[in-house]
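K.L.:
Just dropping this structure here.
The values are calculated or read from the model by the stated rules, or taken from the named source; none is laboratory data. Because the structure is predicted, anything quoted here is derived from the model rather than measured. Glycine also receives a Cβ, built like all others from the backbone with ideal geometry; neighbour counts cover every protein chain displayed. Side chains are part of the model used for accessible areas, which takes the heavy atoms of the whole protein and leaves out ligands, DNA and RNA. Shrake-Rupley method; radii C 1.70, N 1.55, O 1.52, S 1.80 Å.
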Amino acid sequence: MAVLPVRLYGDPVLRKRAADVTSFDGSLRRRIADLRETMAAYHGVGLAATQVGVLERVAVVDVPLDEEGITRAAYTLVNPVIEHRAASQTAEEGCLSIPGIYEDVTRAQQIRVRYQDEEGRSARLEAEGYLSRAIQHEVDHLDGVLFVDRLSPLKRQFLRRALDALARGELPEGYAPPLAGSGGAS
Ligand SMILES: [Zn+2]
């Protein structure tokens, strides 16, 4: 397993639509293990394969369900499709590919998602709140959509300079990604 470098805003791969996974083999399971390890190393609550430059429809989420993060909802979603959305919620969102920027985003409160697990078995999940938000954010990544695309034009205008700076490779002060390639400790 390996920690992979997370691609940042301005990298064209983040704007591409990922392809369906058709082969559920050991190589897919290794790529999923790398995704999980990378998400943990970056302290993320979700990561899409697109964000490590792999254009296949795979995302992992690991969302705390209580303040201390003791109870968590962790899923690996292969070929996820959001079949149903209901009600709405607005909360602050960030993205490992857009360091230093956090903004309120409105999304569905409840979703039903159809997906396959890493063995290719079909499954359905009903999610609400934070888990629902994380899944919607990751499915957006698989379609080349970023959370800043969902902000009002005025807010996007306000963030333009910061986003342009990121796209030029200027990282926010204090940005320190984990060392790529390092194995997990114990
Ligand atoms: Zn993201």
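K.L.:
About the Cα centre, and with charges only on the beta carbon of Lys, Arg (+1) and Asp, Glu (-1), how big is the dipole of the chain? Nearest 20 debye, please. Intermediate values should be presented prior to the final figure.
P.N.:
Numbers: 23 positive and 27 negative charges, 118 e Å.
The calculation lands at about 560 debye.
K.L.:
Quick check: net charge around Glu93, other residues with Cβ under 15 Å of its Cβ, Lys/Arg +1 and Asp/Glu -1?
P.N.:
That sum, taken over residues with Cβ under 15 Å, equals -1.
K.L.:
While we're on this one: Carbon and sulfur: what percent of segment 100-163's accessible surface (1.4 Å probe)?
P.N.:
Summing carbon and sulfur atoms, their accessible area is 45 percent of the total for segment 100-163.
K.L.:
Express the Stokes-Einstein translational diffusion coefficient of segment 116-162 in µm² s⁻¹, to the nearest whole number, given a Kirkwood radius over alpha-carbon pairs, 4 °C and a viscosity of 1.567 mPa s.
P.N.:
Calculated translational D: 100 µm²/s.
K.L.:
Could you calculate the contour length gain from Ala33 to His84, that is, 0.36 nm times the residue separation minus the distance between their Cα atoms, to one decimal place in nm? Could the numbers behind the result be given before it?
P.N.:
Numbers: separation 51, 0.36 × 51 = 18.36 nm, distance 2.85 nm.
Difference between extended and current length: 15.5 nm.
K.L.:
Accessible area of Asp34, 1.4 Å probe, to the nearest 10 Å²?
P.N.:
Looks like 30 Å² after rounding.
K.L.:
Now, a different point. Two-decimal Rg/Rh of segment 89-181 from alpha-carbon positions, Kirkwood Rh?
P.N.:
Ratio of gyration radius to Kirkwood radius: 1.03.
K.L.:
Hey, another quick one. So what are segment 104-143's ellipsoid semi-axes, whole angstrom, largest first, if each one is the square root of 5 times an eigenvalue of the alpha-carbon gyration tensor?
P.N.:
Value: 20, 12, 7 Å, ordered largest first.
K.L.:
Which of the peptides 85-92, 3-10 is most tightly packed, and how do the rest follow, going by the mean number of other Cβ atoms within 10 Å of each residue?
P.N.:
Details: 85-92: 11.4, 3-10: 19.1.
In decreasing order of mean packing, 85-92, 3-10 become 3-10, 85-92.
K.L.:
Run through every distinct alpha carbon pair of segment 39-150 and return the Kirkwood hydrodynamic radius in angstroms, one decimal place.
P.N.:
Over segment 39-150, the inverse of the mean reciprocal pair distance is 14.2 Å.
K.L.:
Return, ordered by residue number, the residues of segment 98-115 whose backbone nitrogen is under 18 Å from a label point located 7 Å along Cα→Cβ of Asp164.
P.N.:
Taking a point 7 Å out along Cα→Cβ of Asp164, the residues of segment 98-115 whose backbone N falls under 18 Å are 101.
K.L.:
Turning to a different aspect of this structure: How large are Rg and Dmax for segment 84-123 when only the alpha carbon atoms are used, in Å?
P.N.:
So, for segment 84-123, Rg and Dmax equal 14.4, 37 Å respectively.
K.L.:
Quickly work out the Thr106-to-Arg15 label distance, labels modelled 7 Å from Cα along the C-beta direction, and quote it in nm with one decimal.
P.N.:
Calculated label separation equals 2.7 nm.
K.L.:
Could I ask something else about it? Within 10 Å of each candidate Cβ there may be at most 11 other Cβ atoms; applying that plus a DSSP loop requirement, which trypsin sites (Lys or Arg not before Pro) in segment 88-186 survive?
P.N.:
Arg121, Arg168
K.L.:
Based on the Kirkwood radius over alpha-carbon pairs, what is the Stokes-Einstein translational diffusion coefficient of segment 1-98 at 10 °C with 1.306 mPa s viscosity, in µm²/s?
P.N.:
Rounded, D is 109 µm²/s.
K.L.:
With a sphere of radius 13 Å drawn around the Cβ of Tyr42, what net charge do the other residues whose Cβ falls strictly inside it have (Lys, Arg +1; Asp, Glu -1)?
P.N.:
Surrounding charge for Tyr42 is -1.
K.L.:
If you roll a 1.4 Å probe over the heavy atoms of the protein chains, what accessible area per residue do you get for the chain, in Å²?
P.N.:
That works out to 53 Å² per residue.
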